[in-house]
Amino acid sequence: MIEYALTHFNYWAVVVIMMTGLYIVISHTNLIKKIAGLNIFQTAVFLMYISMGVVKGGSAPIIAEGFTVYSNPLPQVLMLTAIVVGVATTAMAFAIIVRIKEEYDSVEEDELFTLDEQVAGDAEEW
Amino acid sequence: MVEQHLSILLVVIPLLAAPVTALLPNGRLPWALTQVVMLACLWISLSLLADVSSGQLIHYELGGWAPPWGIAYEVDALNALVAVIVSMIGTLVTAYSLRSVPADIPLDKQAHFYAAFLLCFLGLLGMSMTGDIFNVFVFLEISSLSTYALVSMGRNRQALTAAFQYLILGTIGATFFLIGVGLAYAATGTLNMADLAVRLVDSPHSNTVKTALGFIFVGMALKAAMFPLHQWLPRAYTYAPVMVSAFLAGTATKVAIYIMARTVFSVFSPELALSTLLNELLIVLGAIGVLYGAIQAIRQTSVKPLLAWSSLSQIGYFMIGIGLLSATGLMATMVHLFNHAIIKTSLFMAAGILLYHAGTLHIHKLAGLGRQLPWTFAAIVIAGLSLIGVPGTVGFISKWYLVLAAVEQQAWWIVGVILLGSLLAIVYVWKIVETLYFQPAQAAGISAQSRVELSPALIVPVWLLAIACIYFGLDTDMTVGAAQVAVQSLGLTP
Amino acid sequence: MKDNLILRIIAKLLIPMIILFALYVQFHGDYSPGGGFQAGVIFSSGFILYMLIFGLDTAEAIVPSGVLRVIASLGVLVYAGTGMVSLFMGKEFLNYSALAESPTTGQHIGIIMVELGVGMTVGAIMLLIFYAFANRGRE
Amino acid sequence: MAIDPVINFMLLVFLVVMAFTILRLSGMLAMTIIFGLYSLLMAGLFMVMDAPDVAFTEAAVGSGVSTVLMLVTLSLTKTRHERHTRKIQWRPLLVVLLTGAALIYGIHDIANMGDTDAPAQQHVADRYISSGQQETGVPNLVTAVLASYRGFDTLGEVVVIFTAGIGIMLLLGRPCKKGRVEDDQTP
């Protein structure tokens with residue numbers, strides 16, 4: 001049981017962090033805060049992958065003399081790609097937020113809804 | 001020498017063209033390059049489809065590394081058909097954009113706009129060609145990021161909030177997909193789709209594998225705008241520039257549905273879907289989506305949201321087709337992928353002509369416009385009839401196969417839902433047709449404020465697709481034939 | 001911040017070191033952690049520091065955004081072009097073994113080339129993004 | 001450098017605490033600083049887990065680029081506080097709890113962390129470690145896999161960054177001369 005807890009603790013922590021991030025994204029109305037939540041959500045996924053690649057008694061996957069056991073390079077490569085994708089999305093999102101602020105003068109989602117409805121007069125659509 | 005590299009060139013040619021396009025001076029030149037690239041891709045994808053239609057598979061090892069160590073492209077009739085859909089719609093939309101983009105996009109942004117369009121196009125092609133599940137994620141993000149930028153270029157400020165909402169939901173979807181891929185990797189140690197399928201059969205159905213399927217499924221369902229994860233779609237399609245709506249309606253959700261079918265049928269097994277009740281979920285949510293989308297479409301007072309909600313209703317049919325987990329059901333889904341792409345793109349492009357002519361898309365302000373624009377109106381009628389599923393049009397073919405698949409499993413209530421969905425489609429199509437043709441033109445005289453002269457660049461692509469609606473409704477060899485080969489290559493017997 | 005002497009002097013000392021470090025990370029990525037992406041980010045952060053202290057106009061005078069766009073596009077082309085070269089040499093796309101007599105040498109050349117492409121695009125795009133945001137701030 | 005369970009545990013607890021702090025803080029500047037710190041700790045954890053390349057990137061991107069971009073956006077949008085409602089929102093909470101439960105269910109029979117016999121360590125990764133250096137001539141296996149074995153993914157990654165650049169230039173490039181139309185196609 002303790003063995004199970006020790007070897008699964010990383011994953012439990014990942015789930016808690018991930019869900020905190022997801023909760024921030026879907027419950028908060030401030031657009032910038034949403035993006036912070038989205039980033040927390042994504043970094044938790046990175047942590048999940050990296051945890052999968054850890055090998056007991058291993059070292060970083062750079063071949064060198066004196067080492068025989070290396071951690072798994074594949075999840076690390078995948079996460080390098082995912083980190084880049086994450087920052088691209090974040091930058092894009094901030095650019096849209098800056099434009100939204102210029103057009104609506106607000107970055108709170110519920111205010112944006114009301115502003116859109118005043119023009120559209122149709123609440124169903126959002 | 002070139003033949004063996006065709007599958008990779010399909011993705012690399014637009015990939016090389018996109019950075020070049022971004023550097024070109026604004027004006028006609030970026031358009032011309034985009035059009036040439038699209039035509040080349042159309043030719044490549046058609047010749048790929050011709051190659052694989054006989055049942056052979058094209059296998060291409062990127063970097064010379066054999067899978068599962070390297071990334072491989074695996075082309076069978078299923079993805080060749082999807083590639084044909086994407087490149088065909090891309091070609092016609094680019095032709096349309098010769099007149100559409102100058103009307104929607106400021107001149108100083110056109111080169112970047114075309115570059116983003118090419119990036120979106122290559123992302124969708126990359127997703128459909130690859131045989132590696134992580135590679136799907138990378139190209140999914142290329143197409144998604146460019147889509148957010150393209151949607152935000154709409155002329156109303158609502159385009160920005162629509163793009164932001166799409167970005168949030170799209171990124172959540174992609175991250176769910178990534179979680180699913182990670183769990184599948186933890187259970188098998190591989191990322192290659194064919195290898196995954198082999199190793200998943202060996203491994204007993206563990207919690208990890210079931211959860212992996214669930215997360216990949218939810219991620220793609222968000223991208224495909226499956227009910228009840230559809231919130232982003234109506235706004236994104238409504239407020240995006242016309243050519244972007246036309247392109248996305250024909251391609252983006254189709255590719256997501258292809259990935260879903262691919263994961264359910266050839267990566268994980270249909271039996272796993274059965275044991276997790278995924279099929280029941282697909283059918284029930286699909287049926288609700290068909291009716292809900294159609295009812296919302298009827299309630300709309302503007303053309304673009306009406307078409308967007310109708311797309312949502314059609315997505316329900318794809319879900320039902322996959323959920324039936326049978327050869328006929330999958331065939332119906334594939335034929336409908338092709339058919340709905342033709343129908344919806346032609347309708348959005350025709351709506352664009354109405355917008356450029358009248359300056360608005362409020363239905364009640366379009367009264368009598370059909371008599372001023374007889375060609376556009378006729379195309380709308382043909383595509384509308386296909387949407388309903390009248391015999392002699394493409395829409396009939398796909399609904400026919402879907403009904404067959406439902407009857408096979410004695411699921412009579414699904415037949416009822418399909419018929420009811422078609423009846424509701426009659427209502428919303430009639431709503432447009434009636435205003436356009438049978439209502440008296442407004443006294444103000446819309447033609448006075450027309451913004452863009454009708455040009456061949458706008459009407460010819462619309463009519464090519466309208467003719468395709470009839471042609472592929474009568475001659476079903478290509479679509480149904482390809483679907484049959486695809487279904488066989490997935491190991492199902494029709 | 002243009003008039004703050006201490007900041008100016010420290011920046012002038014730091015920026016060359018940041019850029020040197022970026023070059024190290026770029027070309028030593030085969031042997032130690034790092035590679036094109038990290039190098040690109042570090043390289044751009046050096047210029048961003050310059051931009052923060054000496055102002056956007058001075059920075060844009062040294063590296064105009066037009067040049068950055070060309071570099072960004074070239075980076076993608078260098079990467080994909082390396083793939084195309086191996087395709088024209090008769091092997092698969094991105095099969096670097098085709099680039100030289102011995103496969104290992106070819107692999108090494110290929111890896112250096114594609115990392116260079118990554119570094120160019122990432123560095124240029126990061127700077128362009130900051131230019132775009134900074135320009136909005138001035139209006 | 002084997003993974004130290006105590007440091008690992010401490011860092012994870014810190015990360016959870018910081019995620020909750022970001023959730024609760026309504027002052028945006030403080031939130032951004034904590035966010036940068038969160039990313040830095042995450043990078044440290046990656047380092048502890050023998051992933052120096054990922055740690056390097058996370059430090060540069062998470063606590064560098066993302067945090068600075070967030071600060072820039074805060075100043076451009078003049079946001080100091082979010083309008084915070086302290087009430088718990090039930091529907092998002094339900095979604096999150098269901099997703100979390102599904103994940104806990106899924107990781108129940110995932111291989112033990114650090115297990116050399118885990119499927120993830122066996123099949124594909126084995127070849128990278130045993131013959132990666134001979135086949136590519138590069139001792140850093142992460143670079144070998146990144147640039148050669150999975151070089152096409154990395155090409156896609158470059159294109160993703162390029163796409164973001166194009167998108168941001170479309171959004172924030174020179175202001176539109178045309179000006180946006182207030183309303184002409186909304187229902």
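FYI, it's all coordinate maths here, none of it is from the lab. As the structure is a computational prediction, the values presented were derived from the model and not from experiment. Cβ coordinates were reconstructed from backbone atoms using ideal geometry, including for glycine residues, and neighbour counts include every protein chain displayed.
Structure notes:
- For the peptide D:40-47, the mean number of other protein chain Cβ atoms found within 10 angstrom of a residue's Cβ is 3.
- Of A:Met92, A:Met48, A:Met79, the residue with the greatest mean-square motion in the GNM of chain A, using alpha carbon springs below 10 Å, is A:Met92.
- Set of lysines near B:Lys304 by C-alpha distance (under 18 Å), chain-local residues within fewer than 8 positions excluded: B:Lys344, B:Lys365, B:Lys431
- Taking the empirical scaling 2.2 N^0.38 Å for compact globular proteins as reference, the stretch D:119-175 has a Cα radius of gyration ratio of 1.68.
- Ordering of B:21-27, B:216-222 by packing [mean C-beta count within 10 Å, highest first]: B:216-222, B:21-27
- Calculated FRET value between B:Trp375 and C:Asn135, using beta carbons and R₀ = 30 Å, to 0.05: 0.10
- Mean Kyte hydropathy of 1.0 or more with a Cα span along the axis of at least 30 Å, helices from DSSP in chain C: C:5-27, C:65-88
- Ranked for footprinting exposure by Cβ neighbours inside 10 Å, fewest first, B:Cys469, B:Cys120 give B:Cys469, B:Cys120.
- Pairwise centroid distance, computed over Cα atoms, of the stretch B:111-156 with the stretch C:95-133, Å: 22
- Full extension of the chain segment joining B:Leu46 with B:Trp400 gains 124.9 nm, where the gain is 0.36 nm per residue of separation less the Cα-Cα distance.
- Spin-label model, B:Leu29 to B:Phe438: label points 7 Å out along the Cα-to-beta-carbon direction sit 5.3 nm apart.
- Farthest toward positive dipole pole in the protein assembly as shown [+1 Lys/Arg, -1 Asp/Glu at C-beta], among C:Gly90, A:Met92, B:Ala50: A:Met92
- With both labels modelled 7 Å from their Cα along Cα-to-Cβ, the D:Leu37 to C:Met89 distance reads 5.1 nm.
- Residue-averaged beta-carbon neighbours from other chains (10 angstrom radius) around B:126-133: 1
- Helix B:158-188 vs. chain B, principal-axis angle (Cα, 0 to 90°, nearest 10): 10
- The slack between B:Ile426 and B:Glu408, meaning 0.36 nm per residue of separation minus the straight C-alpha distance, is 3.8 nm.
- Here the Kirkwood formula puts the hydrodynamic radius of the stretch B:280-494 at 17.7 Å, using every distinct Cα pair.
- If you take all other residues with their beta carbon under 11 Å from the beta carbon of B:Ile44, and give Lys and Arg +1 and Asp and Glu -1, the sum is -2.
- A Cβ-based charge dipole, computed about the Cα centre of the stretch A:2-125 with Lys and Arg at +1 and Asp and Glu at -1, lands at about 1020 debye.
- When you count the other C-beta atoms within 10 angstrom of each residue and take the mean per peptide, C:88-97, B:409-418 line up highest first as C:88-97, B:409-418.
- Estimated vicinal HN-Hα couplings, Hz - the stretch D:10-20 in sequence order (Karplus 6.51, -1.76, 1.60; Gly, Pro = x): 4, 4, 4, 4, 4, 4, 4, 4, 5, 4, 5
- In chain B, the longest principal axis of the Cα atoms and the axis of helix B:28-52 are about 40 degrees apart.
- Around C:Gly29: net Lys/Arg minus Asp/Glu count, Cβ-Cβ under 15 Å: -4
- Sorted from greatest to least, the principal axis extents spanned by the alpha carbons of the protein assembly as shown come out as 83, 68, 62 Å.
- When only the Cβ of Lys, Arg, Asp and Glu is charged (+1, +1, -1, -1), the dipole of the protein assembly as shown relative to its Cα centre reaches about 2420 debye.
- Two-site FRET efficiency, B:Leu274 against C:Leu52, from Cβ-Cβ distance with R₀ of 41 Å, rounded to 0.05: 0.10
- Averaging Cα coordinates gives a centre for the stretch A:62-79 and one for the stretch D:1-70; these two points are 22 Å apart.
- Near-label residues of the stretch A:17-37 by backbone N, under 15 Å of a point 7 Å along Cα→Cβ of D:Lys87: A:27-29
- Peptide-level mean, for C:22-34, of C-beta atoms on other protein chains within 10 Å: 4
- Each of A:Thr43, D:Thr116 was scored by other Cβ atoms within 10 Å of its Cβ. Listed from fewest to most, they are D:Thr116, A:Thr43.
- Förster-model FRET efficiency, 45 Å R0, B:Ser489 and C:Glu101, C-beta, rounded to 0.05: 0.65
- Backbone N within the stretch B:334-375 under 20 Å of label point (7 Å from B:Thr301 Cα along the Cβ vector): B:355, B:358-369
- Under a model in which nothing but the beta-carbon of Lys, Arg (+1) and Asp, Glu (-1) is charged, chain B shows a dipole of about 1640 debye around its Cα centre.
- Positive-end extreme of charge dipole, chain D - chosen from D:Val96, D:Val54, D:Asn112 (charges on Cβ): D:Val96
- Each of B:Ser455, B:Ser128 was scored by other Cβ atoms within 10 Å of its Cβ. Arranged with the fewest first, they read B:Ser455, B:Ser128.
- Using alpha-carbon coordinates, inclination of helix A:109-120 to the longest axis of chain A, degrees: 40
- Simple rule: put +1 on each Lys or Arg Cβ and -1 on each Asp or Glu Cβ in chain B, find the dipole, and look at B:Gly131, B:Val101, B:Val390; the Cα lying farthest toward the positive end is B:Val101.
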